[in-house]
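Comments concern the structure below.
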Amino acid sequence: MIKPATMRAAEAHLRSVDSRLARLIDRHGPCTIGARRRDPFHVLCSSIIGQQLSIKAADTIQARVAALTGAGARFLPDHFIAADHDALRSCGLSNAKAKWLRALADAKASGRLDFAKLRKLDDEAAIEVLDALPGIGRWTAEMFLIFALDRLDIFSLGDVGLRNGLNRLHGAGSGGGAKLDDAETLARVACWAPYRSVGSWYLWRVLESDAATSD
C-alpha cells in the first residue's frame, strides 16, 4: 500500500509541473492507486481479461467469469485450474485468453511465478519476467506494476486510453493539432516523473467520465 502522504506529494508535484493536469486533479479528487492492498494473481487475471476491451466490456466479462468459477471478488489459481475451457469461452473470453488464464494459474500453483521475488525487481526487470508468461505482454505487465506492485512511475505507451487522454489534454483534443507521436508523448509526461502512474490514473478518469456521459 502507498502512504497517503506519498500520494499527496505526488499530486502536488503533478500540479506544479502540468497546469492542465492540475485541473483534472481538482475535478477528480485524490488518486486511489495503492489505497488498498490488491492480490497480485487477481490483478494479472483482470488485466488479461481486459486486454483490448473497453472498461465496461471488461467488467461485464470478468463478472461472468467470477460467477462461473465461484471466485467472488478474488480470482485464485484453483478457480481456473478447475474450470472447463469451453465454459470460460462462453463467458465472452477469447480462446487465447481462456488458455492464458489457465496457464497463469498453473504457473502460480507450481511456484514458477513467485510474486515475492517479483516485488524485489526493478520496473524493467519485473516487466521482462512477466512478459515471458503466456498472454502477458508489456501493457499487461505495466498495469500489474501500477495496480499490484504500487509502482508510481509507469506510463504505458501501449495503452490506447492513456494516449487518447493525453492527446485531449495536450494534443489534438485540446486544439493542439496532430495527435502526439511516441516521442512527443514521452516528452509530455517526462515532467510527471517520478509519479507518471499517478498522472496516468487521472487520464483514465477522463475516459470513465466520457463513458458515463455517453451511456
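The values are calculated or read from the model by the stated rules, or taken from the named source; none is laboratory data. Just so it is clear, the model here is predicted, and its values are computed rather than measured. Note that we place each Cβ from the backbone using ideal geometry, even for glycine, and neighbour counts take in every protein chain shown.
Evaluate the following for residue 162: is it modelled with pLDDT of 90 or more and touching a helix residue (DSSP H, G or I) at 6+ places or on another chain (Cβ under 8 Å)? When the stated conditions are applied, residue 162 passes them.
Residues are listed down the side, and each one gets a yes or a no for (1) in the same structural domain as residue 197 (by TED's automatic domain parsing); (2) part of a helix (DSSP H, G or I):
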site	(1), (2)
12	yes, yes
20	yes, yes
24	yes, yes
27	yes, yes
30	yes, no
46	no, yes
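Within the range 8-66, the residues that satisfy the criterion of being touching a Ser or Thr at 6+ places or on another chain (Cβ under 9 Å), more than 17 Å from residue 208 (Cβ to Cβ) and at pLDDT 95 or above are 10, 22, 64. Restricting 119, 138, 102 to those that are basic (Lys, Arg) and under 30 Å from residue 84 (Cβ atoms) reduces the list to 102.
The numbered conditions (1) buried (at least 20 other Cβ atoms within 10 Å of the Cβ); (2) in the same structural domain as residue 137 (by TED's automatic domain parsing); (3) assigned to a helix (DSSP H, G or I) are all true for residue 75 except (3).
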